[in-house]
Each structure stands twice: as structure tokens, then as C-alpha cells.
Amino acid sequence: MTAPTADHASGATALTDALNAFADHRPEPQAVQLLRPDGTLTLPPEHIPGYGSELLRALYRDMRMARELDTEATALQRQGELGLWPPLLGQEAAQIGSAHALRPDDHVFPSYREHGVAWCRGVDPVDVVRLFRGVTNGGWDPRGSGFHLYTLVVGAHVLHATGYAMSLAKRGSDAVAVAYFGDGASSEGDVAEAFTFAAVHDAPVLFLCQNNQWAISEPVTRQTSSPLYRRAQGFGFPGVRVDGNDALAVHAVTRHALDHIRGGGGPFFVEAFTYRMGAHTTSDDPTRYRPPAELEQWRARDPLARLRAHLSATGLAEPAFFEETEERATELAHRVRHAVRTMPDPAPAGVFDHVHAEGHALVDEERRRFEEYERSFTDPERP
Amino acid sequence: MTAPTADHASGATALTDALNAFADHRPEPQAVQLLRPDGTLTLPPEHIPGYGSELLRALYRDMRMARELDTEATALQRQGELGLWPPLLGQEAAQIGSAHALRPDDHVFPSYREHGVAWCRGVDPVDVVRLFRGVTNGGWDPRGSGFHLYTLVVGAHVLHATGYAMSLAKRGSDAVAVAYFGDGASSEGDVAEAFTFAAVHDAPVLFLCQNNQWAISEPVTRQTSSPLYRRAQGFGFPGVRVDGNDALAVHAVTRHALDHIRGGGGPFFVEAFTYRMGAHTTSDDPTRYRPPAELEQWRARDPLARLRAHLSATGLAEPAFFEETEERATELAHRVRHAVRTMPDPAPAGVFDHVHAEGHALVDEERRRFEEYERSFTDPERP
Amino acid sequence: MPAQTMTLAKALNLSLRTALEDDPDVLVMGEDVGRLGGVFRVTDGLQKDFGEDRVMDSPLAESGIVGTAVGLALGGHRPVVEIQFDGFVFPAYDQIVTQLAKLHARSGGALRMPVVVRIPYGGGIGAVEHHSESPEALFAHVPGLKVVSPATPSDAYWMLGQAVRSDDPVIFFEPKRRYWDTGEVDPGATPPPLHRARVVRAGTDLTLAGYGPTVKLCREAAEAAAEDGRSVEVLDLRSLSPVDFDTVQASVERTHRLVVVHEAPVFFGAGAEIAARITTRCFYALEAPVLRVGGHHTPYPPARLEGHYLPDLDRVLAAVDDSLAY
Amino acid sequence: MPAQTMTLAKALNLSLRTALEDDPDVLVMGEDVGRLGGVFRVTDGLQKDFGEDRVMDSPLAESGIVGTAVGLALGGHRPVVEIQFDGFVFPAYDQIVTQLAKLHARSGGALRMPVVVRIPYGGGIGAVEHHSESPEALFAHVPGLKVVSPATPSDAYWMLGQAVRSDDPVIFFEPKRRYWDTGEVDPGATPPPLHRARVVRAGTDLTLAGYGPTVKLCREAAEAAAEDGRSVEVLDLRSLSPVDFDTVQASVERTHRLVVVHEAPVFFGAGAEIAARITTRCFYALEAPVLRVGGHHTPYPPARLEGHYLPDLDRVLAAVDDSLAY
Ligand SMILES: Cc1ncc(C[n+]2csc(CCOP(=O)(O)OP(=O)(O)O)c2C)c(N)n1
Ligand SMILES: Cc1ncc(C[n+]2csc(CCOP(=O)(O)OP(=O)(O)O)c2C)c(N)n1
Ligand SMILES: [Mg+2]
Ligand SMILES: [Mg+2]
């Protein structure tokens, strides 16, 4: 905070000068990019932290696995095996690139489309799919993976990440809480409140906004008149825009942000500028609202194609690597398909499970009645 | 919105360059000030829009009336005539300066401390006091004065102002909606959502934040790590800080903002940097949390003293002007005191008045029963 | 316009279209209501025909949607707001409860709040979390609001029109599992008052009262009970604030038994108020306690379990049996 | 610590102090809870003794307060959150209803939400709008929450301690008009379970049930009725989710009559659920319908009218008369 201005020794010469001092004339920087769509680098490799075959192959492999999971789950939904699926198609670099920069003890708070991040955090894709089959509202234990449950109320979890970060700080940990959310979510009051709490508590939280240009049918211009990364600056912490289809850049920028946060610098905002290439969910029909040309334009910026081109051109990966990756992807798809097809429905009384940790007389009574009632259908004594 | 960045022809030479392009290194401008605390001008008078005896006397007179009302209402509360009073002491310039820049057809959405603005909008101070006596939850008809009711839920009305502005724009009016709110309110999600709606709709709304440094016992550092005017810039519209104890500067900056908005420029944010010299409300004891030195520092920046010094030094007002103003103030105090002392309580069945515009069977039934019940106490037939 | 058979969703669409045509101050706003026509297509085609100025895609912020609607209403507009799903009304709850519901009273009657908040609600469509809730009791308890829910395309058409024309805020609960049900809508008919309950089917042994999504279930239960020789009267409450207790009372005075069916949790649900009040009104007429069939006191379960959560024919008939056993 | 006489506010303060001492994971957070000690001084002195890291002044954002409390709980902390006044809980309603209440179930029991939301509630203190509301029914209807309200300093002390130690979210309604009432608190005693109702005064003719601010009123009404030769039993429900129906039922089986008293609007209020369920449990025992005394179905009126809104001795006694007249 600036201290109250006292006397203005040398004032402006005109009121407009004084007002102009507040005008925000900063030029719009370009989104940070390391890999061009054609697969060439924007910087010499030695200037790119972590650059090397290990990282690049891992990024490619995990993007490929995420895309395969996405394709398979979309198909399973079409076949009626899942109630719904929100595809991540097009956002692989934003998710895999950022997730690879995290430490195992960092804690991720996803929205509902972060299947790629889930994969990197070691969450079994079958568990993710289980949620969208309608078998559970959760699906995994966040304590194991450091990957919180999906939150379907847009923006709500961004506060949870902030609170979690406050908790980490109180324990003296240098782990970071990471909130993934969308361009649409940025309009929710909860997200703004999270920025405020994070800023005034200097909480170790990374706000990772995947600006995929759409919130269902609404373009990002319905959510903001300012580039989203600037929102953070209005709350007093740094914001950066990265090419969200460039896994290498997302990785590097996320790493930079995490270093900043771990070093006690407080919250950081990364806007991954990307594109939702598919429908909002399998229930959605984007042809009703989206110009086909836009999709084409973004198809040319496909995150996988770009990294693949780079790996091939530089020889950092041989054809065998790609073949093996395809095989692994196919195995994953088979495993998920099989698991879904054989997934049992939960027990009827599951409705009553885990409403409270310590019981609740009414819930207990309702469960008893329900079990009695259920028995009455099988009970031969029933009149 | 910036278009998606395509190829980076001339990239940065290092990642840090690319990241640094996002750093916000702007210097902190000084709050706009026209009148120094000693009453001298920071600019030649001919550079100050509206400068002249008429405006300056009017500003002084209304600040004096507001302070008198405030003093009287505080006294009435101490005497048990009012349930509560939120004093405006210290914020006269922020309120009167801005209110004088408005047109009659502009529409103000106040919080609960804008007694000075109410005064300028022609709301009878007796009506304001009536609210705090507990006679009504409203007190005046906003349609007459263009001054909406007080809103006690912090921040909620900022959305109303934005919606009202959208309504004005739809009707092709060039009037402006003005939301007054505090530094504390800036943390509420509703205020952030109002910024978003205003920005994407280019709504003709002026956000006038009186940063009086405190939200009850919490200093503004508990609400933000960034100067508040910058918040607006993060949502894509201009924000300016003005010395909120300088009525002339507040007036000029507000006028500038209104011109901008009327010209179709969309929303504008003015942070009036001021100080709550009194308690939060008459229920509050600021000595529990506030360093006395801070109060002293701000006392030297008293908004009335400053303008009075200027008026006297420049001869823009004679002693007679000040005498007459004092008389008017005393008259106002008497009138308010008399009105409060003779103010009737509302009729008991007033509880049921105006719950709905078009009736509600249950409310109607409850009213009938209530009236029957009340009658039973006076009814000689009662057993 | 002649009478037509259409879906409930289409009836709502037609009603909005009529309202937009009849009154230039009427606005439609919400997430995805514009080009997409809403996730349930209730606003389909309206933006195309009435423009972006009257049919507005809102930012993703429910408090903002209702809060700006309040401001628009203060400016003389009549906003019809869509909340995308029941579970997403809560961010707007503050604006609804502390502002929308109270501004008329706060202003001593000077200000009016002709705002309709449309909420697709209820379960049974196999949806993910937060997309199947029935929060109506949370609004009916709040003075200053009116709360209604249509069960048929005809009511959907008429009641929405009446809500839009009302100068009071109306929370309009749309039974989403019935969006695709069809029925006749006759725009030339004379509709009953907005808050009047309707006897759907006459009967003598017991009264079954539902609203919104459960009216159809109650009708089916009455038909099944008829096969067992039981004459069940079915009421569609239509309005939850106010409740048309006169109609319910008249029915119970005839049948002496009442079962209320809703999807919301029973505990503190609408059935409680109806039971309490009807028991007082019909204390000597009732031959059994008012029974309630509804959701359990558990969070709405995942889709594969919702069949065990939602009232169904068996559970309603069991309650009918229980009541008749007194 | 020996038994002491203290105000209800002081008992809460002592309870928080004990909780902060006993468990380093306990946190206190909210607007003005730090140096000021809260607008009602319930947290007085706590920040001084436990530091800013454990007793935190939050930004002015209720959703943020509860939302970060959820995150803190996920991190293993046990936040006790203060909402400054009843009427300001609504911005946090979404976080409470869709997150706090559901995370344990959503996670299949893996995650726990040991969060207490303290809400000073109710009227009678001559306050301005939004400072006198009784929104307890809006929380009791929500599965996943527990809702309690103490009526005495002793209960305030014990119940808050139990709530803080509970691994479930507890909405803790503090009867603000009773903050200054005094009573004995014995930290060495053994408290009853958190959700158990209490027979405050035994009686044979009628049961009067209240909670929070109305328990004292019920006691006074019973005393007044006794002068007229009527033996009224008084229950303090203490918990609204769950309600201890067994204790209420046992009482009504003895007295055959029940009147429920609360400040919240009667319509869809706690009295409705109690009436509905007790009527079912005691159908043949009840000699009168369960009657309810509470707020009108109007927004809470300005202070000068609250005497006509709030249940008072006359209205309670009138309901007792009405019940006995059956
Ligand atoms: C509070 C809330 N309001 C509305 C919705 C319905 N909804 C689900 S996703 C969505 C759009 C989200 O857009 P964005 O934040 O950009 O994320 P994306 O879907 O693009 O990943 C909407 C409106 C919701 N889930 N929660
Ligand atoms: C939603 C809400 N939360 C809490 C309060 C209690 N409260 C009333 S005023 C206030 C502080 C407001 O501070 P600020 O916005 O800076 O305005 P100021 O009082 O300084 O004029 C608080 C916390 C409230 N009225 N509304
Ligand atoms: Mg998006
Ligand atoms: Mg302030």
C-alpha cells in the first residue's frame, strides 16, 4: 500500500497530467512461447530450463495418454456407458505442461476437465471415469495423489486452494496449492475473493487459468474486457500469459511461478492461452455457437503435433518411442473400457454412506427404514 | 481482448525477458490533489474545471451541513433517540465533492454512510435519521432524488448500480449510475462481479470507492495488497486515486469520470483516499484497534478546514458567508432534533405492509389474525 | 394462436416469446441463454428474434446475474433470469434473499421487483452432482418471495406469463425431468390464478399432493391405487409461496387422509409445512397423520443411486398404504 | 477450573480459548475477530494470546471466509469461523451448502470437514436491517450439516467445545439477545451429548419447546401459566439437525399437547418439521394440533416494530390457551 500522499510539492501542470499518470498504457506483451506451432524453438535450448529428451518425451507421452483417455471416455459416453464427459481435447499442453512442474507434495484443486493433470498426479483414470458414470460424486482419495476432487460448482474450489495454501504456510511447508480454473470461472465472485485472501495472506497458491476461449457457448469476451492475467495485477500479485498449447512453455512458466511462490513471493497467476477443441461436454453442441474457422485456426496449433514435430526434427525421439507410446495409449484405452464395462453399481444403501463422519440420528433412522423397506421386496413374508 | 499470439518472429532472448515483459513496474502516481491541506492550490485556478466562488462556497456549505447533521445524529444516538449512527466525519469532501459533479438524472446507489451525498441529492436528513431510529428500513423514495436506499449488506448494491446502468444504456439515456462503497466492500465477490458485468456491458456506471482506511477494526491492508484503483484496471477500465479530503479534486475527478462515462467510455473507478475520523458506528470503540497518532495525522488533513482556509485566504468567501453557514447548520440540527423527538412509531400492523406489491394469501391471513389478536387486548369482551 | 400440443420446454419458450413481444421492458438473461438458447433450449431462438440487447448472455456469475437484474428492475425493466441448474442458485442466494425479496418492503412500497428467477430443478435425468437438487423450501421460507412450479406444458406456459407480469419477485421452479413431456397449450384459454392449487384427479379415500416433477408420479400412483380399489384424489399444489391451503383443506375434509410427495429432502421440506398447517386446519377430520414421501436427508447421490433417493411409485404407494392403515 | 457465573458471550470466549489451548490446529477467523475481539467481544483477547496466525481478521468476504475455511480444514486445520451477523451469512451460503456440507460425502468419507460456523442470530436488540434474522431452517434442511443453538452460558461453553471437536461441519447459532445473560459454567462437569434436547422444567398439561433465544421466553411462559394453575413442561431443543425427537415424543406422550416457539417465520420454519414428525409419532396421543408461535411471513421489520414481530409472553400464552382449548 502506498502511504497517504502528503503535500504535492511539484504538482502536475494540468489536471489531465495528474489523471494521465493513472492511465494504463502498457503494451500487451506476447504470450510466453518456447515451441512454435511448427515445432521450432523460440530460444536456444540452453536457455530453456529442463530442456532435454527426458522432459520432452515425458510431456509428449503424457499428452498422448491424456488425449487417448479423452477419446475413449468420449466414445464410452456416446455408447451410454458414461452419463457425461467433459473433453480436454486441445488443452493437453496446458495441463500436462503445468502438472509436470509440480512436486508430489504440492496439492492440486482441479475443476472438472483436468483429466490430464489427474493422470500426471497418478489418479487412476478409471476413477475419473467412474465419476462421470454416475457411480460416485468423488472417485479418489485426494490425500494420496495431492489431487483434490473435481468441483463442479464453477470457481468454488479456488477458495479451497487458497485456504489449503494458508494451511501449508501455517505448517511451515514450502509446498504449493494449485487451483485450475477456466476463463468463465474468472467471473465468479469466489475467484475474486480467493485472489484477495491469497494476496493479503501471501498464500502459497498458484492460480492456473486455462483460458480456452469459451465457457460453454460464451466467448471469453462475455467474461472480461481485459486480458485475464492482468486481473491478478489488480489484486497485487503477478500474472503472466503463456501459450497454452506449448507444453514446454507452460512447463517453464509454471516452474517459474512455483519457484516464486516457494521463495515466499506469495500468489502467482498463470493464464494458459489455449482452446477447447471439442464440445463443452458430451451434452453440448458447439456447432450452434462456434464459427468453424476458429476451430481450424486452432487445429493448426495442436499441442501434440507441435511437440511431436520438435521431437522428430531434433531426433530427441525415435520412431520407436512414438510406437511404444501408441501402444501404451491403446492399453490404457482398453483398460478403461474394460473397467467401465464391468464396473458394479453402488449398493442402494450407499445413498446413506458418509453423510457425516460422526453419524446423525435422522440419517441413521432413515437408513434403517430404507433397509427395512428394501428387505420388504425380497422378504417372502411380505403380504 | 488480444488475439491469440501466432508465431513469435523475434522472440525474447531469454525466458526471463519474456516473463519480465509482464512485470508491472509502473510507478505509483500521486493521488490527484488540487487543494493542499494548508488551503493552497496545486494548479493555477484557470486549470481547474468549475473553479470559482459559486462551486467552492457550495462545496463548503454542504460539507458543513453534512458535518452538522453527523454531529447532531451522533448526539441523538447517544441520547437514545437513534438505535445506531454511522458517522461520516472526515469523509465530507469525498461525498460532497463527488455529489456536486452529478446531474439530477444520475442515480446514486449508496452504502450506509453517505449522508453527505443524500443531502446533496435533496433527501431530507430527517428521513435518513428515521432509518437509524428504527422506524423504517428505507426512509425515502429513491425515484424522486435519484438516491437509492441505503444497502446494509456490504457490496450488494454495487451490482444494483451496474444493473441500473445497463437499464439506462438500453433506454439510450446518457445518465450515469454511481455506486458508493468502501475499501472493505472491495473484497466482496459482488463488487468484483459488478466490475465484470460493467466492463463487458460497457455500462455507464461510476464506481466511487471511499477508501477511508478502515472496515470496522480492519485496516485496508487486510483487504488488498494493491492500491484499490488498480483493481479496476485488472477488469479493463480506468481507475484513478484522488485525495479524498480535497473536495475540489474529488469534484474535478468525478466530473472527468462522468464525462468519460457519458461519452460512451464505459465504467470508471474513482478511489477517494480519505479517512474515517470517527467510530465505525456509534456501537464501535475505535480506541480498541486504532493508533491515536494516525487520527492526529489525518486531523491535519481535515476537509473542511482546508477549503475554509482557501476560501478565506482567497477572499472567495467573507466572514458573513461562514456565519450564515453556521446558522443554517444550527437550524438543520434543530429541525432534525425536533423531528426525531416528535417522530411517531409506526403502526403495529406496519409489519405487514408492503411485503408484496400484489398481495400474498399467507401474509394477508397473518395480518387478519394479527389485527384480531391486537383487538383482543382492547376488546372489553375479552375473557 | 390455436391450441397446440407441445413439450413443457417449448411451452416455456413460447411464453417467453409472448412476454418479449408484449412488453418491451421484458428482458431474458442468464448463462448461455443467447445463441445457444440455454442448455435446455428453453430460450431457443429468442436472441435471434429479439436481439442481444433483450436476450443477454451473462457472465458466469450468478450473484451478478440476480444483482444486475435487481438494478435493471429498478430501472423499469422486467428481467427474466435463468439459473442454469438448481445447484447453481446458491451463489445468488444472498441477492435473492436480502435484496430481491426485501426491496419492495424496504422502500415502503415505492420500489417494485418484477423479476422472475427461472430454475430448472429436480432429479431423474442421470446428471452429475449439483444438477438434480430441489431447493424450493429454501425460498418458500423467505418472506417477500413467491415460489411456484408448473407440472404441465399448459401451466408452464400460463404460469410463466403470470410470473413475468407480476410486480413481485417470483422464483419459478421448472421440473427439468418434465421438459420433454408433452401436453396441450391453449393460448386462448383463461388460466387459473398463479397461486391456486388444482385438483388433478378426484378421489375419496386419500389425498395425494405433489408439485412440479411429482405430480405425474402422484397421478400414476392414483391410477395404480385405483386398480386396488382405492380412490385417491391428486392435487397439484402449483404454488409453494403462498400455498393454497384452502384447496388442500377442502380435499382433506373429503378424504381424511393426506400424503405429500416431493423430491426435496423430507426434513424441513415443503411437506412439513403442509402437514403442520393441514393438521391444524383439519385436526378432527384427519384419520391419519399427514405422511410425507421425499428425498432422504443425504446429499443428492450420484446418478446410479438416484433411483433409491427419489420418490417412486412403490414408495408413494407404500405411504398410501401406511396412511390407509391408520 | 472451578464453576463460575458468567455471561453467555464470556462462556463462548472461554470455550474458544480452551479449544485453542487444547488443539494447535484450531483456528478462529472472521471479520473483526482479532484486535477488536468481534463486534460482540466473543473472541476478546484471543488474538493477543494466540497470535495473528491462529486468530485471523479476514477480508470482508463471507464466501471467502467459509471457502478458505474449507481449504484450511482440508489442510488439517479446524477453523471456527465467525459470521458477523445472521443476515450476512448468505454470501457464504453456496460454500456452506454445496461444499462444506457435501465434501465428506463427495469424498466417500475420505475427507473431513471439522469446521464450525458461528452465527449470532435473532432479534430483540433494536438493530438495523439484516441484524436480527433467524435463518436456522435454511441450514437444517441441508443434508450434511449439523445445526445447534445453545440457550444458556453452560450450554454455550459445552456445545461450542463439542462442535469444535466434531469432525463434521456444525452451524452454531448464538442467540445474540442472550449474550449478556449470566449463568453458571462448570468446566469440570460432564456435558450431555451435543444433539440431545433438555427438559428445562417438568410439566404435565402441555409441552412448550424452544431453542436458543426462545427458551427463556418458554420458561417465563411456563411460570406465568403455573400461576393460572397450568403445568407446562419446557424443552430446550438445543439441536435442530438432528432434532432429538425421542425427547420431544416422550414429553408429548406425557402432556398430549405441544407448542413450538421460535423467532424465525413460522412458514417452513423449524416448528413445521417438529409438528409434522411429532404428529406422526404421537398421532393418537395428541389432544390438539401442534401449534407454532414465531415470526410473521414478512421481512424482519425495523426495530420499532420488532416487538410486534417477535414471539412474546402474550403470544406464547395465547397459543398455550389455544392448545388447551382443544
Ligand atoms: C456456479 C456454476 N454456475 C454454472 C455452472 C454451469 N457451467 C458448468 S461449466 C460452465 C462453463 C465454465 O467455463 P470455464 O470456466 O471457462 O471452464 P471450461 O468449461 O471452459 O473448462 C458453466 C456455465 C456451474 N457448473 N457452476
Ligand atoms: C455482507 C456483510 N458483511 C458484513 C457486514 C458487517 N459490516 C458492516 S460495515 C462493515 C465494514 C465495511 O467497511 P467499508 O466497506 O470499508 O465501509 P466503511 O464502513 O469504512 O464506510 C462490516 C464488516 C455487512 N454489513 N455486510
Ligand atoms: Mg473456458
Ligand atoms: Mg472503510
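Please identify, among A:113, A:368, A:290, the residue showing maximal mean-square fluctuation in a Gaussian network model of chain A using a 10 angstrom Cα cutoff.
Checking each option, the largest mean-square fluctuation is seen for A:368.
When a/c reaches 1.5 or more, the comparison of a/b and b/c decides; with that in mind, is the range C:49-125 rounded, prolate or oblate per its Cα gyration tensor?
Cα axes put the range C:49-125 in the oblate bin.
Expressed as an acute angle from 0 to 90° and rounded to the nearest 10, what is the orientation of the C-alpha long axis of helix C:8-22 relative to the principal long axis of chain C?
40 degrees
If r is the Cβ-Cβ distance from residue D:53 to residue B:25 and R0 is 25 Å, what FRET efficiency results, to the nearest 0.05?
With R0 = 25 Å, the Cβ-Cβ based efficiency is 0.20.
Pick from A:115, A:260, A:354: which is most flexible by mean-square fluctuation in a GNM of chain A where alpha carbon atoms under 10 Å apart are linked?
Looking only at A:115, A:260, A:354, the biggest GNM fluctuation is shown by A:354.
DSSP loop (so not H, G, I, E, B), at most 14 other Cβ within 10 Å: list which GluC sites (Glu not before Pro) in the range D:1-73 pass both filters.
Here the GluC sites (Glu not before Pro) that fit, given the DSSP loop and packing criteria, are D:52.
Roughly speaking, what is the stretch gain from residue D:196 to residue D:23, that is 0.36 nm per residue apart minus the C-alpha to C-alpha distance, in nm to one decimal?
Taking residue D:196 through residue D:23 to full extension adds about 59.8 nm, to one decimal.
If one takes the longest principal axis of the Cα atoms in chain A, at what angle in degrees, from 0 to 90 and to the nearest 10, does the Cα axis of helix A:53-78 lie?
50 degrees
Restricting to Cα pairs below 8 Å that are 6+ residues apart, what does the relative contact order work out to for chain D? Please round to a whole percent.
In percent, rounded to a whole number, it is 16.
Taking other Cβ within 10 Å of each residue's Cβ, how do D:235, C:20 sort, fewest first?
C:20, D:235
What angle, in degrees between 0 and 90 and rounded to the nearest 10, separates the Cα long axis of helix A:303-314 from the longest principal axis of the Cα atoms of chain A?
Once rounded, the angle reads 70 degrees.
Given the rule -39500 (n - 2.57) for each run of at least 4 DSSP H residues, summed and divided by the residues of chain B, what is its mean residue ellipticity at 222 nm, to the nearest 500 deg cm²/dmol?
-13500 deg cm²/dmol
If you bin every alpha carbon distance in chain D into 10 Å steps from zero, what whole percent lands in each bin?
Percent of pairs per bin, in order: 6, 27, 34, 23, 8, 1.
What does the extension gain come out to for residue B:313 and residue B:293, with contour length at 0.36 nm per residue minus their alpha carbon separation?
4.3 nm
With the label 7 angstrom out along Cα to Cβ, how close does residue D:285 come to the same site in each of the other copies, in nm, nearest first?
Counterpart label points of residue D:285 in the remaining copies fall at 2.7 nm.
For the pair residue B:345/residue B:371, report the inter-label distance in nm, with labels modelled 7 Å from Cα in the Cβ direction.
For residue B:345 paired with residue B:371, the spin-label model returns 2.0 nm.
Which of rounded, prolate, oblate describes chain A, given a ≥ b ≥ c as roots of the alpha-carbon gyration tensor eigenvalues and a/c under 1.5 marking rounded, otherwise prolate only if a/b is larger than b/c?
oblate
I need the inter-copy label distances for residue C:226: point set 7 Å along Cα to C-beta, values in nm with one decimal, smallest first.
5.9
Using Cβ contacts closer than 10 Å as the measure, can you line up C:190, D:43, C:5 from fewest to most?
Final ranking by Cβ density, sparse to dense: C:190, C:5, D:43.
Springs between alpha-carbon atoms under 10 Å, Gaussian network over chain B: tell me which of B:135, B:253, B:270 tops the mean-square fluctuations.
Of B:135, B:253, B:270, the most mobile in the Gaussian network model is B:135.
Quick one: if the Förster radius is 51 Å, what FRET efficiency do residue A:171 and residue D:322 give, using the C-beta to C-beta distance and rounding to 0.05?
Result of the calculation: an efficiency of 0.30.
Ignore the peptide's own chain and count Cβ atoms of other chains within 10 Å of each Cβ in D:106-119; give me the average, rounded.
Average neighbour count from other chains, rounded to a whole number: 5.
With no solvent and one equal point scatterer per Cα, compute the Debye intensity ratio I(q)/I(0) for the protein assembly as shown at 0.07, 0.08 Å⁻¹ and report its log10, rounded to two decimals.
-0.75, -0.99
What's the longest uninterrupted piece of chain B once you rule out the GluC sites (Glu not before Pro) that are loop residues per DSSP with at most 15 other Cβ within 10 Å?
B:1-357
Just counting partner chain Cβ atoms within 10 Å, what average do the residues of peptide A:36-48 show around their Cβ?
Neighbouring Cβ atoms belonging to other protein chains average 3 per residue here.
Applying 1/(1 + (r/R0)^6) with R0 = 22 Å to the Cβ-Cβ distance of residue C:4 and residue C:180, what FRET efficiency is obtained, to the nearest 0.05?
Computed FRET efficiency for residue C:4 and residue C:180 comes out at 0.90.
Where does the range A:210-260 land on Rg(C-alpha)/(2.2 N^0.38 Å)?
1.28
Pairs D:176/D:216; C:176/C:216; C:146/C:176; C:10/C:48; C:10/C:176: which exceed 18 Å Cα-Cα?
Where the Cα-Cα span goes over 18 Å, the pairs concerned are C:146/C:176.
Three principal axis extents, largest first, for the C-alpha atoms of the range C:4-185, in Å?
44, 34, 29
May I ask you to report, in nm to one decimal and beginning with the shortest, the distances from residue C:21 to the same position in the other copies, taking label points 7 Å along Cα-to-Cβ?
Distances between equivalent label points, in nm: 7.5.
If you take every residue apart from residue B:296 with its C-beta less than 14 Å away from the C-beta of residue B:296, what net charge results, scoring Lys and Arg +1 and Asp and Glu -1?
For residues surrounding residue B:296, the net value is +1.
With the contact rule set at Cα under 8 Å and sequence spacing of 6 or more, what percent relative contact order holds for the range A:22-155?
With pairs under 8 Å counted, the relative contact order is 20 percent.
Could you work out, for the range C:198-325, what percent of all Cα-Cα pairs fall into each 5 Å distance bin, beginning at 0 Å and stopping at the bin that holds the largest distance?
Percent of Cα pairs in each bin: 2, 12, 23, 26, 20, 10, 5, 1, 0.
For a quick check: sort D:77, A:338 by the number of other beta carbons within 10 angstrom, fewest at the front.
A:338, D:77
Please compute, for peptide D:232-241, the average count of beta-carbon atoms on other protein chains lying within 10 Å of each residue's beta-carbon.
For peptide D:232-241, the averaged partner shielding equals 1.
Which of rounded, prolate or oblate describes the range B:314-374 when judged by the alpha-carbon gyration tensor and an a/c cut-off of 1.5?
It is oblate, given that a/c is not under 1.5 and a/b is not larger than b/c.
Bear in mind these aren't lab numbers, they're just calculated from the coordinates by the rules spelled out. Bear in mind the structure is a predicted one, so any value in this text is a computation, not a measurement. In this analysis, Cβ positions are derived from the backbone assuming ideal geometry, glycine residues included, and neighbour counts consider all displayed protein chains.
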